[in-house]
Amino acid sequence: MSFLSGTMPQAPPSQKAGIYIHIPFCRHKCPYCDFYSLPLKEASINLDEYVQALLKEWELRRPETEGLQFHSLYLGGGTPSLLSLRQIALIIDSLGPALTPKAEITLEANPETIDDIWLKGIRSLGVNRISLGIQSLSARGLEILRRHHGRRQALMAIEAARLAGFTNISVDIIFGWPGQRPQDLEAELHELLGLNPEHISCYELTIEEGTLFASWVKEGRIQPLGEESLTFFHLLVEEILTSGGFKRYEISNYALKGRECRHNLIYWENRPYLGLGAWAVSYLKGTRSQNPKLPLYLHYLASGHSPPRIEERLDLEATFRETTVLGLRLIKGISISELKGRFGIDPIHYYKTELEHLMAAGLIEIKRGRLRLTKQGRLLADEVGAYLV
Ligand code: SF4
């Protein structure tokens, strides 16, 4: 049986896109982190050299982005707040003209790396959203996570960002750290709500292979929380943050009305993005590609050439499946008619058997023309995604 409706797939209504810049350096490597980030000292990299490489990459790859409207620029890491004002100015001066007039410009910052002057500086350079890597407001939590800022520094960072003129502050929180009790999480979230951020990303701590935490678990030095506690924590996060006026709009993300992260929505809607920097991923014209790591990335750009990228071309059906799975991460789910219009594939027919199973298990539902995860399904979002992709 064919699931294709016979019509040609249509391009998304607008070529809304984003730019991601990866700054893969941190002061220290956190023991739970499996992102591509290197302790700055060990990397023995000059940040000026890295910024020059980013600008060169932008110059070389700009033709690939023809026809795209960049609604967001996101400096992520790593720790982009290790960049000086001068380095950030160079990036924004160079990429700014390619952005739409009201583009969201986000920069990720860690509390121990920022001060008032720097915050005011980035605000005046046009950064209009700051994402603070607070991770915990519990002194014990910060110690267990081996973060290099204290509770006081975390609180001061939020206050300083506000005083510097930020009206769109996002805070990252990790829950489920070894030894965390429900009352610890409750206290942290209530305190956080009192600080009035516009956006909160709340991630469960996952023990990733290859990290120090993974070896500490094997050695019995730390004990991860059990499934039951984690499930309870997920429900607690939702209950506290939604009672505090936040809307859960994605599995791990909560926002005040109109303050959803526009950049991340581009990923969840499976729209195009350009990724600049070492190990950065791009998704352009149906092809996903990834830059090499350091030092190869710098080596090529220093000699004026684009670094070779790992590429994967996604056909229509694979793109449809990815779009469905990514869209299911959004609490509102994904519009069935939009999927049909964009790909010429009816998800209800295409996933007939899978949907029957998932619906019978109470994990997925169809509401107002949208396919979405149920409350139970949200607790198993990764498993449902793996089943459908
Ligand atoms: S600061 Fe963030 S990116 Fe850097 S090591 Fe820690 S968790 Fe990873």
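Listing for the model above:
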| quantity | calculated |
| --- | --- |
| Unique match (being more than 23 Å from TYR50 (Cβ to Cβ) and touching a Lys or Arg at 6+ places or on another chain (Cβ under 8 Å)) among GLY286, GLY304, GLY341 | GLY286 |
| Unique residue being touching a helix residue (DSSP H, G or I) at 6+ places or on another chain (Cβ under 8 Å), more than 26 Å from LYS102 (Cβ to Cβ) and charged (D, E, K, R) when the list is GLU238, GLU188 | GLU188 |
| Check on LYS293, at pLDDT below 95, within 25 Å of PRO63 (Cβ to Cβ) and out of contact with any strand residue (DSSP E or B) (no Cβ under 6 Å at 6 or more places or on another chain) | no |
| Residue selected from the range 61-79 under the condition over 15 Å from GLU104 (Cβ atoms) and within 14 Å of the ligand (Cβ to nearest atom), by the criterion surrounded by the fewest Cβ atoms within 10 Å (Cβ to Cβ) | THR79 |
| Odd one out for GLU269 among (1) buried (at least 19 other Cβ atoms within 10 Å of the Cβ); (2) closer than 17 Å to PHE70 by Cα | (1) |
| Tabulated pairs, the range 33-62, first free of Cβ contacts under 8 Å to residues at least 60 places away in the same chain, second among the aromatic types (Phe, Trp, Tyr) and not in a helix (DSSP H, G or I), C-beta under 8 angstrom, 6+ apart or interchain | SER37/PHE25; PRO39/PHE25; LEU40/PHE25; LEU47/PHE25 |
| Per-region count, the range 271-314, residues assigned to a loop (DSSP other than H, G, I, E, B) and not basic (Lys, Arg) | 17 |
| Hey, ARG151 more than 21 Å from the chain's Cα centre (by Cα), of a type in the set (Lys, Arg) and away from the ligand (no atom under 16 Å from the Cβ) or not | yes |
| Yes/no for HIS349 being under 30 Å from ASN46 (Cβ atoms), more than 25 Å from the chain's Cα centre (by Cα) and surrounded by fewer than 19 Cβ atoms within 10 Å (Cβ to Cβ) | no |
| SER131 in contact (Cβ under 8 Å) with a residue 24 or more places away in the chain and within 16 Å of the ligand (Cβ to nearest atom) | yes |
| Residue in the range 339-357 that is closer than 25 Å to THR65 by Cα and polar (S, T, N, Q) present | no |
| Residue under evaluation TRP279, criteria (1) loosely packed, with under 15 Cβ neighbours inside 10 Å; (2) in contact with a Leu (Cβ under 9 Å, 6 or more places away or on another chain); (3) at positive phi, criterion not met | (1) |
| Breaking point among (1) within 18 Å of LEU241 (Cα to Cα); (2) touching a strand residue (DSSP E or B) at 6+ places or on another chain (Cβ under 7 Å); (3) not in a strand (DSSP E or B), for ILE173 | (3) |
| Top-ranked residue of the range 10-60 - restricted to ones that are within 16 Å of the ligand (Cβ to nearest atom) and acidic (Asp, Glu), ranked as surrounded by the most Cβ atoms within 10 Å (Cβ to Cβ) | ASP34 |
| Close pairs from the range 329-353: first over 16 Å from LYS367 (Cβ atoms), partner hydroxyl-bearing (Ser, Thr, Tyr) and assigned to a strand (DSSP E or B), Cβ under 6 Å, at least 6 apart | none |
| Residues within the range 208-244 that are touching a residue at least 24 places away in the same chain (Cβ under 8 Å), closer than 24 Å to ALA187 by Cα and outside any helix (DSSP H, G or I), tallied | 5 |
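The values are calculated or read from the model by the stated rules, or taken from the named source; none is laboratory data. Worth saying up front: this structure is predicted, and the values here are computed from it rather than measured. Neighbour counts run over all protein chains shown; Cβ positions are idealised from the backbone, glycine included.
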